[in-house]
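Okay, so here's the structure we're looking at.
Computed from the coordinates by the stated procedures, all read-outs in this text should not be read as laboratory data. Predicted model only: the values in this text are computed from it and were never measured. Cβ placement follows ideal geometry from the backbone for every residue including glycine, while neighbour counts extend to all protein chains displayed.
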Amino acid sequence: MTDLTTGGKVLPITRWGTPVMHEKTRPVERFDEELHTLIRDMFATMAAAEGVGLAATQVGVDLAVFVYECPDKDMTIQRGVVCSPTVTLPDVKDRELDSSDEGCLSHPGGYATVSRPTLATCTGQDENGAEIEVVGTGLLARCLQHETDHLNGTVFGDRLSTRARRQLDKDVAGLDWRYPDDWPVSPKHEAATPSGDEE
Ligand code: NI
């Protein structure tokens with residue numbers, strides 16, 4: 001099988017507020033070279049930004065596809081692509097929720113607590129149009145929900161209270177200087193830290 005995780009080009013990451021990020025995307029209909037080039041570029045861009053998932057809208061493309069490279073609850077890294085995803089969550093009565101900090105490469109540097117089910121099943125198609133199912137636990141459960149949200153035009157800030165959203169936006173505005181407009185094509189600026197104070 002073709003390896004689409006290499007050979008891509010790093011693209012600028014689209015930010016929240018750009019219209020493509022807030023509208024429902026088109027389902028994937030053609031599993032062709034153009035799609036494969038997009039997927040390669042998305043893997044390259046996700047790696048450059050050190051993310052665990054990336055939706056097509058985050059590189060400005062109105063198409064329902066995301067890539068991920070993300071640990072599950074056993075800390076095994078799972079990697080793949082889902083076209084036209086649908087997420088299924090356990091019934092409310094069977095659900096366990098995890099309240100952890102969540103961030104987004106399209107609103108870089110900000111984090112806020114979002115409660116999400118600890119198990120998510122994502123169905124859709126692979127890069128060649130074959131039906132697939134990805135069962136996510138741990139961080140991968142959160143990632144599958146976050147990326148599918150993106151393709152439905154929802155960002156995690158939409159899931160926050162007004163107060164939490166305001167704080168998140170304030171945090172991100174304060175860190176804006178670190179992220180060039182074409183980040184991660186241009187690297188982010190490192191924070192000036194007093195000597196000896198780096199982790
Ligand atoms: Ni995101």
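Computed quantities for the displayed model
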item: Index of the failed condition, Thr37 passing every other in (1) more than 16 Å from the ligand (Cβ to nearest atom); (2) in contact with a Gly (Cβ under 9 Å, 6 or more places away or on another chain); (3) without any contact (Cβ under 8 Å) to a residue 40 or more places away in the chain; (4) closer than 30 Å to Arg166 by Cα; result: (4)
item: Only one of Ala141, Ala120 that is assigned to a helix (DSSP H, G or I) and either under 12 Å from the mean Cα position of the chain (by Cα) or under 30 Å from Glu29 (Cα atoms) (or both); result: Ala141
item: Checklist (1) surrounded by 17 or more Cβ atoms within 10 Å (Cβ to Cβ); (2) of a type in the set (D, E, K, R); (3) more than 13 Å from the ligand (Cβ to nearest atom) applied to Asp94, failing item; result: (1)
item: Candidates Val185, Val135, filtered to the one that is in contact with a strand residue (DSSP E or B) (Cβ under 7 Å, 6 or more places away or on another chain) and more than 16 Å from the ligand (Cβ to nearest atom); result: Val135
item: Pair list, Cβ under 8 Å, 6 or more apart: the range 53-76 residue within 17 Å of Gly138 (Cα to Cα), other residue part of a loop (DSSP other than H, G, I, E, B) and within 12 Å of the ligand (Cβ to nearest atom); result: Tyr68/Val52; Glu69/Val52; Cys70/Val52; Pro71/Val52
item: Residue count, the range 104-143 (criterion: under 29 Å from Asp176 (Cα atoms) and either exposed (fewer than 15 other Cβ atoms within 10 Å of the Cβ) or touching a helix residue (DSSP H, G or I) at 6+ places or on another chain (Cβ under 8 Å) (or both)); result: 13
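Residue-wise test of (1) closer than 30 Å to Arg166 by Cβ; (2) buried (at least 17 other Cβ atoms within 10 Å of the Cβ); (3) under 15 Å from the mean Cα position of the chain (by Cα).
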residue	(1), (2), (3)
Gly7	no, no, no
Arg15	yes, yes, yes
Thr18	yes, no, no
Arg26	no, no, no
Ala49	yes, yes, yes
Thr57	yes, yes, yes
Thr76	no, no, no
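The rows are residues; the columns are (1) in a loop (DSSP other than H, G, I, E, B); (2) away from the ligand (no atom under 16 Å from the Cβ); (3) of a type outside the set (Val, Ile, Thr); (4) closer than 22 Å to Ala164 by Cβ.
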{"position": "Leu4", "(1), (2), (3), (4)": "yes, yes, yes, no"}
{"position": "Val10", "(1), (2), (3), (4)": "yes, yes, no, no"}
{"position": "Met42", "(1), (2), (3), (4)": "no, no, yes, no"}
{"position": "Leu54", "(1), (2), (3), (4)": "no, no, yes, no"}
{"position": "Phe66", "(1), (2), (3), (4)": "no, no, yes, no"}
{"position": "Pro85", "(1), (2), (3), (4)": "no, no, yes, no"}
{"position": "Ser99", "(1), (2), (3), (4)": "no, yes, yes, yes"}
{"position": "Pro108", "(1), (2), (3), (4)": "yes, no, yes, yes"}
